[in-house]
Amino acid sequence: MSAPTTMPFSRALNAGMRRALEDNDRVLLMGEDIGPLGGVFRVTEGLQADFGDRRVIDTPLAESGIVGTAIGLAMAGFRPVCEIQFDGFVFPAFDQITSQLAKLTNRHEGALSMPVVIRIPYGGHIGAVEHHQESPEAYFTHTPGLRVVSPSTPNDAYWMIQDAIASDDPVVFLEPKSRYWQKGEVDTSARALPLHASRIVRRGTDVTLVGHGAIVTTLLQAASLAEAEGVSCEVVDVRSLSPVDYGPILDSVRSTGRMVYAQEAPGFTSLGSEVAATVMERAFYSLEAPVLRVSGFDTPFPAAKLEGAYLPDADRILEAVDRTLAY
């Protein structure tokens, strides 16, 4: 058993895809500039040099064509992994994903598998222009036939990308791009959790803080600040957005009696809305206060200079903690 290695989130993804490519010669990577360049964020750096341009494929700038080709490759027995360069670029492929990829297994009454992974760097905090800082997860969690996941740590990135590639169902793999440079320990010898498991990442007794992707780090910051004021916050990382593993979330809420869900995406009809409604249905008699939500605003993502006002930070989360404790 090897000792854990410290590496950035992006390098952990690279190592996970490298291992998948080594383990199964039917695994292919596809995307714009993922070859010699290694992708905009260098997540695929060095993979084409080691595995060749027939397995790590630079594609034209045509997202619908990338996903449509991946569907055909999956029908032929391959396991394609598509990179969408930025979150806002996924919409040209939206019809292929929601009308075809998500439905083909059901259309064939289970006789046809669709082992396609669609990697999407998503979210804010990188100071980019329009179409480069969106959080489109609700579109995909609303679509039956898709699995949707989002790691928040390098260790999860390493293992979850491998599990997504091994899945016989299509997986939308959302990568919080503001965390690409965040370092953490990666244990390459032992998988910590299954792909679709949520996880308590900090224990507490007064309030449950829940979120996914990049916001988990912000929740942990808020919990540390709350502790200095005498408030103990438990933090739950959802990890799997569809299906959601409600067990740890409900266990935590039944213990603390209060919950705040935070996300970068707009709040209306969002993952936070769904989790809040489900918790209030299934843990109603344990709640001491309504479930509160902290989110991006219900507007298009603003210009870079305003992203700090748009995106939830520790202060906005702590305001919600104060409101729930006031009940």
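Within segment 221-241, being assigned to a helix (DSSP H, G or I) and surrounded by 22 or more Cβ atoms within 10 Å (Cβ to Cβ) holds for Ala222, Ala223, Ala226. Within segment 83-105, the residues that satisfy the criterion of being open to solvent by 40 Å² or more (accessible area, probe 1.4 Å) and either closer than 26 Å to Glu45 by Cα or acidic (Asp, Glu) (or both) are Phe89, Phe91, Pro92, Asp95. Considering Arg254, Arg282, which residue is of a type outside the set (Phe, Trp, Tyr), in contact with a Ser or Thr (Cβ under 6 Å, 6 or more places away or on another chain), more than 18 Å from Arg323 (Cβ to Cβ) and open to solvent by 10 Å² or more (accessible area, probe 1.4 Å)? Of Arg254, Arg282, the one residue that is of a type outside the set (Phe, Trp, Tyr), in contact with a Ser or Thr (Cβ under 6 Å, 6 or more places away or on another chain), more than 18 Å from Arg323 (Cβ to Cβ) and open to solvent by 10 Å² or more (accessible area, probe 1.4 Å) is Arg254.
Can you say whether Pro80 is open to solvent by less than 40 Å² (accessible area, probe 1.4 Å) and at pLDDT below 95, as far as the supplied structure shows?
Values: open to solvent by less than 40 Å² (accessible area, probe 1.4 Å): yes; at pLDDT below 95: no.
So Pro80 fails the test.
If you go through segment 113-130 one residue at a time, do you hit one that is surrounded by fewer than 20 Cβ atoms within 10 Å (Cβ to Cβ), within 30 Å of Pro144 (Cβ to Cβ), touching a strand residue (DSSP E or B) at 6+ places or on another chain (Cβ under 6 Å) and hydroxyl-bearing (Ser, Thr, Tyr)? No: segment 113-130 contains no residue that is surrounded by fewer than 20 Cβ atoms within 10 Å (Cβ to Cβ), within 30 Å of Pro144 (Cβ to Cβ), touching a strand residue (DSSP E or B) at 6+ places or on another chain (Cβ under 6 Å) and hydroxyl-bearing (Ser, Thr, Tyr). All conditions in (1) touching a residue at least 40 places away in the same chain (Cβ under 8 Å); (2) not in a loop (DSSP other than H, G, I, E, B) hold for Asp50, with the sole exception of (1).
Whether any residue in segment 63-84 is in a loop (DSSP other than H, G, I, E, B), in contact with a Pro (Cβ under 8 Å, 6 or more places away or on another chain), more than 26 Å from Asp25 (Cβ to Cβ) and not basic (Lys, Arg) is what I want to check. No: zero hits.
Considering only segment 262-290, how many residues are more than 22 Å from the chain's Cα centre (by Cα) and either touching a residue at least 24 places away in the same chain (Cβ under 8 Å) or on the phi > 0 side of the Ramachandran plot (or both)? Result for segment 262-290: 7.
Just one residue in the set Gly35, Gly68 is buried (at least 18 other Cβ atoms within 10 Å of the Cβ) and over 22 Å from the mean Cα position of the chain (by Cα); that residue is Gly35. Inspect segment 133-145 for any residue being open to solvent by 20 Å² or more (accessible area, probe 1.4 Å), part of a loop (DSSP other than H, G, I, E, B) and at pLDDT below 95 and give the result as yes or no. Yes, because at least one residue in segment 133-145 is open to solvent by 20 Å² or more (accessible area, probe 1.4 Å), part of a loop (DSSP other than H, G, I, E, B) and at pLDDT below 95. Listed by first and then second residue, the pairs linking a residue in segment 25-47 that is under 18 Å from Ala166 (Cα atoms) to a residue that is assigned to a loop (DSSP other than H, G, I, E, B), with Cβ atoms under 6 Å apart and 6 or more places separating them unless they lie on different chains, are Arg26/Phe78; Leu28/Arg55; Leu28/Phe78; Met30/Thr59. Filtering segment 299-327 to residues that are at pLDDT 95 or above and open to solvent by 50 Å² or more (accessible area, probe 1.4 Å) leaves Asp313, Asp315, Arg316, Glu319, Asp322, Arg323, Leu325, Ala326.
If you check Val294, Val231, Val253 for being of a type in the set (Val, Ile, Thr) and within 22 Å of the chain's Cα centre (by Cα), only one passes: Val294. For Asp169, only one of the following conditions fails: (1) over 30 Å from Asn106 (Cβ atoms); (2) within 17 Å of the chain's Cα centre (by Cα); (3) open to solvent by 20 Å² or more (accessible area, probe 1.4 Å). What is its number? The single condition Asp169 does not satisfy is (1).
Thr188: β-branched (Val, Ile, Thr), assigned to a loop (DSSP other than H, G, I, E, B) and more than 23 Å from Asn14 (Cβ to Cβ), yes or no? When the stated conditions are applied, Thr188 does not pass them.
The values are calculated or read from the model by the stated rules, or taken from the named source; none is laboratory data. Note that the structure is predicted; figures quoted are calculated from it, not measured. Counting neighbours? That spans all protein chains shown, and the Cβs are built from the backbone with ideal geometry, glycine included. Accessible surface areas use protein heavy atoms only, side chains included; no ligands, DNA or RNA. Shrake-Rupley method; radii C 1.70, N 1.55, O 1.52, S 1.80 Å.
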